[in-house]
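*Asks:* This is the structure I have questions about; it appears just below.
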Amino acid sequence: MPEARVLEGIATRLPAWIKPDHLTALGVLAALGIAAAYVLSNGNELWLWAASALLVVHWLGDSLDGTLARVRKSERPRYGYYLDHLVDAFATAAIGIGLGLSPHMLLAVGLAIVVAYLILSINTYLETHAFGTFTLGYGRLGPTEARLLLIGLNTLLALGVLRFGLLDMLGIGLVATMIAALVARAARNLKRLAKLEPAA
């Protein structure tokens, strides 16, 4: 994948003093910065550009920590799995709440997106336990695509293209899509598990 090649290229060029945990911490700080930028956009729309820039920083921190560990052959699978998903949950909550506290989205819609995203994440972790394989994302929508979507929305908001209330409608549509994806995936998983463990 092009994204994986880009991350590997960056990882091989990082100085030795930068460790995977440093990148994880960078991702956490970027998520807090994104939330703050959304809140500050109540006073000035220019903060939306800062939120977009920090989404790129968040991508680097969140995606590069595991890549760096693999490139340096210093992986800690259980530690990395636990920390990565704990941090992802925190970042999702922070960004969603920040967006909900901005002038562009109702807090209830922001929280609904957070809850739907976390339910999808929980389903992914359950799949990992049940099937022994980890699948990131649902269809073509993964963490990177979600960030690109947010950057696109930030740009439209900053330029005044999106009208008030439209982002709430898009958010509700996104939640509905996420729930539909969950139902479809859960049905497929249960069918597969029923074949593996047929009823007596």
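*Asks:* Could you look through the stretch 29-51, keep only residues that are surrounded by fewer than 19 Cβ atoms within 10 Å (Cβ to Cβ) and under 15 Å from the mean Cα position of the chain (by Cα), and pick out the one that is nearest to ILE97 (Cα to Cα)?
*Replies:* Taking the candidates together, the pick is LEU32.
*Asks:* If you take the residues of the stretch 2-28 that are part of a loop (DSSP other than H, G, I, E, B) and touching a residue at least 40 places away in the same chain (Cβ under 8 Å), which of them is surrounded by the fewest Cβ atoms within 10 Å (Cβ to Cβ)? Even if it seems obvious, please write down each step before you answer.
*Replies:* Going through the stretch 2-28, the residues part of a loop (DSSP other than H, G, I, E, B) turn out to be 14-19.
Checking the rest, the ones that are also touching a residue at least 40 places away in the same chain (Cβ under 8 Å) come to 14, 18-19.
Details: LEU14: 16, ILE18: 13, LYS19: 15.
By that ranking, first place goes to ILE18.
*Asks:* Hey, can you tell me all the residues within the stretch 96-111 that are open to solvent by less than 60 Å² (accessible area, probe 1.4 Å), within 15 Å of the chain's Cα centre (by Cα) and touching a residue at least 60 places away in the same chain (Cβ under 8 Å)?
*Replies:* Going residue by residue through the stretch 96-111, those that are open to solvent by less than 60 Å² (accessible area, probe 1.4 Å) are 96, 98-100, 102-105, 109-110.
Add one more test, that the residue is within 15 Å of the chain's Cα centre (by Cα), and what stays is 96, 98-99, 110.
Selection gives GLY98, LEU99, GLY110.
*Asks:* Can you tell me which of THR133, THR92 is among the polar types (S, T, N, Q) and closer than 30 Å to SER41 by Cβ? Quick ask: steps written out before the conclusion?
*Replies:* Numbers: THR133 fails: closer than 30 Å to SER41 by Cβ.
Just one listed residue meets the conditions, THR92.
*Asks:* Considering only residues that are of a type in the set (A, V, I, L, M), within 27 Å of HIS129 (Cα to Cα) and open to solvent by less than 90 Å² (accessible area, probe 1.4 Å), which ones fall in the stretch 70-95?
*Replies:* Filtering the stretch 70-95 down to residues of a type in the set (A, V, I, L, M) leaves 71, 83, 86-87, 89, 91, 93-95.
Pick out the ones that are also within 27 Å of HIS129 (Cα to Cα) and you get 71, 83, 86-87, 89, 91, 93-94.
Answer for the stretch 70-95, where residues must be of a type in the set (A, V, I, L, M), within 27 Å of HIS129 (Cα to Cα) and open to solvent by less than 90 Å² (accessible area, probe 1.4 Å): VAL71, LEU83, VAL87, ALA89, ALA91, ALA93, ALA94.
The values are calculated or read from the model by the stated rules, or taken from the named source; none is laboratory data. These numbers were taken from a predicted model, which means no experiment stands behind them. With ideal geometry, Cβ positions are generated from the backbone for all residues, glycine too; neighbour counts draw on all protein chains shown. Just the protein is used for accessible areas: all its heavy atoms, side chains included, with ligands, DNA and RNA removed. Shrake-Rupley method; radii C 1.70, N 1.55, O 1.52, S 1.80 Å.
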